[in-house]
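*Asks:* To start, I am sharing the structure in question, which I have written as structure tokens.
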Amino acid sequence: MSILDKLLDLANINNGIRIVVMNGSRVNPNIESDKYQDYDIVFYVNNYQEFIKDFSFIDSLGEVLVKQTSLDQRNGLETISDSFTYMTQYKDGSRLDLTIRDVKYVIEDFKNDSLSMVLIDKDDLDLINNPNESSYYVKKITKEDFRLCVNEFYWVCPYVAKGLARNQLFYAMKHMNIIRHELENMIDWFIGSKFDFKLSVGKGKSRYQELLSKEMFEAYKSTFPKLEINEIIRALKVSINFFDQLASALSVMYNFKYSTNQKQEMLFFLGKIYKI
């Protein structure tokens, strides 16, 4: 019997559990299922405060390898007034992310997360199952988003070079991660613009390979360097060139202000001050 079957049996016999909803990849019609997928489940209950006092049932679902609840998370106490989470990795490979919520939130939650499927509805709310990725589509780009992204990207680039000049490679890599985050924002908007912002780039950017040209995808991969000075220098230059390519295209597409001189000025600066 699977973890899901055990959860549904538990929910059916416990009158306090009114509605059971499954979220995430297991209800995503665009995801090919595999044995590594988590079970993302929400129990909507009518006795929330009582329910979260005892979570011994988690252990009864299988042999536990490691688990974490809201009480094991930093700032977890600040969130438990509205929801409580039990996350469990079982030794058979199953992983459960179970959230407990007051039943009063179910309609709002169902609207806010398009990847939702009702498995049990004891209150006959007639929530319509139509799981789709619309809640996870790339958000439409705005002028302010674009401006902040460009500013942050170029602002952080010298920090990478500074780390390299000091032979502080971990410092340089930390800031490479920051500029890559801004680069990913630009990539997302570039992809989204081609699909009227009606698609998801996948968890962890997992769809970049299929959505980007081969050249762009190779450029993106090149922004993940080894912990070596020359590798990080190469990744930094690739990031700057790739970012400029995307920013230039989007600025024309949406009539956003963007100076194409920024790339050349930054590269010149890095070469002059940090010998990159």
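Each row is one residue, and each column tells you yes or no for (1) of a type outside the set (Gly, Ala, Ser); (2) modelled with pLDDT under 95.
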| site | (1), (2) |
| --- | --- |
| LEU4 | yes, yes |
| VAL21 | yes, no |
| ILE31 | yes, yes |
| TYR39 | yes, no |
| ASN47 | yes, yes |
| PHE51 | yes, yes |
| SER56 | no, yes |
| LEU71 | yes, yes |
| GLY76 | no, yes |
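*Asks:* Right, VAL201: assigned to a loop (DSSP other than H, G, I, E, B) and under 22 Å from the mean Cα position of the chain (by Cα) or not?
*Replies:* Yes, satisfied.
*Asks:* Still on this model: Considering only residues that are of a type in the set (A, V, I, L, M, F, W, C) and part of a loop (DSSP other than H, G, I, E, B), look in the range 32-78 and name the one that is surrounded by the fewest Cβ atoms within 10 Å (Cβ to Cβ). Before the answer, list the steps.
*Replies:* First, the residues of the range 32-78 that are of a type in the set (A, V, I, L, M, F, W, C): 41-43, 45, 51-52, 55, 57-58, 61, 64-66, 71, 77.
Keeping just the survivors that are part of a loop (DSSP other than H, G, I, E, B) gives 52, 55, 61.
Values: ILE52: 18, PHE55: 16, LEU61: 21.
Ranking the qualifying residues of the range 32-78, first place goes to PHE55.
*Asks:* Yes or no: the range 152-159 includes at least one residue that is assigned to a helix (DSSP H, G or I), β-branched (Val, Ile, Thr) and over 30 Å from ASN28 (Cβ atoms). Please lay out each step first, then the result.
*Replies:* Our first condition is that a residue be assigned to a helix (DSSP H, G or I); within the range 152-159, this holds for 152-159.
From the residues that got through so far, the ones that are β-branched (Val, Ile, Thr) too are 156.
From the residues that got through so far, the ones that are over 30 Å from ASN28 (Cβ atoms) too are 156.
Within the range 152-159, one or more residues are assigned to a helix (DSSP H, G or I), β-branched (Val, Ile, Thr) and over 30 Å from ASN28 (Cβ atoms).
*Asks:* To continue, here is another question. Could you please tell me which pairs satisfy a Cβ distance under 8 Å, a separation of 6+ or placement on different chains, a first residue in the range 264-275 that is closer than 20 Å to ALA247 by Cα, and a second residue that is at pLDDT 95 or above and of a type in the set (Val, Ile, Thr)?
*Replies:* MET266/ILE240; LEU267/ILE240
*Asks:* Give ILE191, ILE187, ILE141, ILE232 a once-over and let me know the one that is among the aliphatic types (A, V, I, L, M) and more than 30 Å from PRO29 (Cβ to Cβ).
*Replies:* Every option except ILE232 fails the conditions.
*Asks:* Looking at the range 236-250, which of its residues are under 14 Å from ARG180 (Cβ atoms) and either of a type in the set (A, V, I, L, M) or at pLDDT below 95 (or both)?
*Replies:* Narrowing the range 236-250 to residues under 14 Å from ARG180 (Cβ atoms): 236-243, 246.
Result: LEU236, VAL238, ILE240, LEU246.
*Asks:* Select from the range 112-126 the residues that are over 17 Å from ASN12 (Cα atoms) and at pLDDT 95 or above and list them in ascending order.
*Replies:* ASN112, ASP113, SER114, LEU115, SER116
The values are calculated or read from the model by the stated rules, or taken from the named source; none is laboratory data. Treat the numbers as computed from the prediction; the structure is a model and nothing was measured. We place every Cβ from the backbone using ideal geometry, glycine too, and count neighbours over all the protein chains shown.
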